[in-house]
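Below is one structure; the comments refer to it alone.
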Amino acid sequence: MQLSQHLRRLALTLTTVACLALMVGCGSQAGTDTNSKTLTFASTDYTTINPILNTHDELPDIIFSGLMKYNGHGEPVPDLATDYQFDEATQTYTFHLRKGVTWHDGTPFTAADVKFTLDQLTKNTKLEASIRDNYKEIKDVIVVDDNTVQIVLSQPNAAMLNYLTIGLLPKHLLEGKDIMTDDFNRHPIGTGRYKFVSWDKGQSIVVSKNETYYDQVPHIDKIIFKIILDENAKATQVKSGGVDIAWLNAHNTEAFRGNDKFTVYDFKTADYRGIAPNFDNAFWKKHPELVSILGYAIDKKAIIASVLNNQGSVAYSPLQQNATYNDPTVPHRDYNPTYVKDALAQAGWHRGTDGIYEKNGEKLAFSVDVREYETERVDMAKVIASQLKEEGIDMRVHIVSKFDWKHNQAIMIGQAAPFDPDNGTYDLFYTNGSGNYTHYSNAAVDAALAKARATYDPAQRKLAYDEFQQAFAAHPAYIMIAYLDGNYVAAKKITGPSTERVLGHHATGVMWNIETWDIQQ
């Protein structure tokens, strides 16, 4: 009996030792988890993370990959492709694909996925995507084998390599489904640097690094995209440590300059603001000439000084930030109230008893929609309204929760053309273009954009884009206001963001080199 008790005690001791060993092991693992690196990013809200339906935000670019990607200079370079050849005589691209790449669910990536994605953009008549016109020259996509695909154009498209940076979709998950409504859009699976983990609607989206990524695996283990719409709230969250990095407006950024707990990254952007009339609206159909006149009624320099805290520049062209294709000779529409007065008088407008211009009993009055959470745009619109009121023009600021692209008189627009000049002009300004929500139509603009797209000769493209900018300036789609600098504020522990790249609309593209970012612990 005593021997039995002794053996039981010995067994208990050995069990305890084993448990302690396991606990040490578990402690080591817990330490690994504790030391995992998590970045919290102040994010916009999302309705979809499908890359062909959402081209304005960070998430699709880090979850998905394209045949090409943009480097730090904004140039398209191979990504899922290892290399390519182009036969100009037959207008055929041949892409050779990386071998061994898998989707986040482990399924092999093949040329069939390339064809599936491009067929959606060119043949799916139910697809509602603003970028469709970027691919309309694609005549056929031929799968040669699993690692080789050919893209045949019906006619030249000089920006095609840029458009092949689009994130590719998995055929095995989406074939036969409705791309617009499928649950894939909320639970995406790509081949990119990060994998989708979860989505708490209206609160946050979480991604984790792709350990089997075909290129450099990121240093940061997890990113929480914390959804914060209000611009002032973003600044508060950065200050309190609720987020690690955020795009802030110029005034909010100023509070962090000189604070050794934070780093301010000042990016150059192609992001501009303007007033975009709805040319399908009765007022602008009747008075399209007002768009060019009102450009002279706004003191843009004063807006940049006050609203943007001098973090921007006067806007006069959609291609203004493109060093190669900008035409600085177009009219800049500098503030000129004398010109406005004379031009309105010539057009038959005269000031009424209330000081507002009128014509045939109609007031020179219109509304501009501005989203409530975009403080900087709201402030900009209010200053513009005050300036125009002094000039006898009644612009009412209509603050909304979201834009109604069909039923508005005008909106406070934001757009950008950071890469090839076709990208951010053709779909927006070509008559009935897939992104032309303002119903703008200008035959001279159409001709110039078509000519620029159809030639690979840089000199000829330059001439064509000069024609585009002159035609646009003569009859503009927008009342151009200002280009914005892109101000990001990050906690000091964040390293790696590079200001080399010119950012896009809403300063999108900051994560272009996310795989090199790190968190100092």
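The values are calculated or read from the model by the stated rules, or taken from the named source; none is laboratory data. In this text the structure is predicted, and so the values were computed from the model without any measurement. Glycine also receives a Cβ, built like all others from the backbone with ideal geometry; neighbour counts cover every protein chain displayed. Calculation scope for accessible area: heavy atoms of the full protein, side chains included, ligands and nucleic acids excluded. Shrake-Rupley method; radii C 1.70, N 1.55, O 1.52, S 1.80 Å.
A few remarks follow.
- Looking at segment 375-490, the helices (runs of 4 or more DSSP H) lying wholly inside it that each contain 3 or more residues that are within 26 Å of Ile166 (Cβ to Cβ) and in contact with a Gly (Cβ under 8 Å, 6 or more places away or on another chain) sit at 426-429.
- Filtering segment 80-93 to residues that are surrounded by fewer than 22 Cβ atoms within 10 Å (Cβ to Cβ), touching a residue at least 60 places away in the same chain (Cβ under 8 Å) and in a loop (DSSP other than H, G, I, E, B) leaves Glu88, Thr90, Gln91.
- Residues in segment 399-431 that are in contact with a helix residue (DSSP H, G or I) (Cβ under 9 Å, 6 or more places away or on another chain) and open to solvent by 60 Å² or more (accessible area, probe 1.4 Å): Ile399 alone.
- Scanning segment 247-261 for residues that are part of a loop (DSSP other than H, G, I, E, B) and aromatic (Phe, Trp, Tyr) yields a single hit, Phe256.
Here is a yes/no grid of residues against (1) crowded, with 21+ Cβ neighbours inside 10 Å; (2) modelled with pLDDT under 95:
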| position | (1), (2) |
| --- | --- |
| Met68 | yes, no |
| Gly106 | no, no |
| Lys123 | no, no |
| Glu128 | no, yes |
| Lys136 | no, no |
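- Some residue of segment 318-332 being farther than 29 Å from Pro418 by Cβ and of a type outside the set (Ser, Thr, Tyr): no
- Residues of segment 291-321 that are among the polar types (S, T, N, Q) and open to solvent by 20 Å² or more (accessible area, probe 1.4 Å): Ser292, Ser306, Asn309, Asn310, Gln311, Ser313, Gln320, Gln321.
- Candidates Asp260, Asp230, Asp215, filtered to the one that is more than 30 Å from Lys341 (Cβ to Cβ), touching a Phe, Trp or Tyr at 6+ places or on another chain (Cβ under 6 Å) and either modelled with pLDDT under 95 or surrounded by fewer than 16 Cβ atoms within 10 Å (Cβ to Cβ) (or both): Asp230
- Selection within segment 335-372 - touching a residue at least 24 places away in the same chain (Cβ under 8 Å), in a loop (DSSP other than H, G, I, E, B) and open to solvent by 50 Å² or more (accessible area, probe 1.4 Å): Tyr335, Asn336, Glu372
- Cβ-Cβ under 9 Å pairs, at least 6 apart or on other chains, segment 137-148 side hydroxyl-bearing (Ser, Thr, Tyr), far side not in a strand (DSSP E or B): Thr148/Ala111
- Among the residues making up segment 234-246, those that are on the phi < 0 side of the Ramachandran plot and either open to solvent by 40 Å² or more (accessible area, probe 1.4 Å) or in contact with a Lys or Arg (Cβ under 6 Å, 6 or more places away or on another chain) (or both) are Thr236, Gln237, Lys239, Ser240, Val243, Ala246.
- Odd one out for Val207, checked against (1) open to solvent by less than 30 Å² (accessible area, probe 1.4 Å); (2) aliphatic (A, V, I, L, M); (3) farther than 14 Å from Ser36 by Cα: (3)
- Subset of segment 444-492 [among the small types (Gly, Ala, Ser) and surrounded by fewer than 17 Cβ atoms within 10 Å (Cβ to Cβ)]: Ala444, Ala447, Ala450, Ala454, Ala459, Ala474
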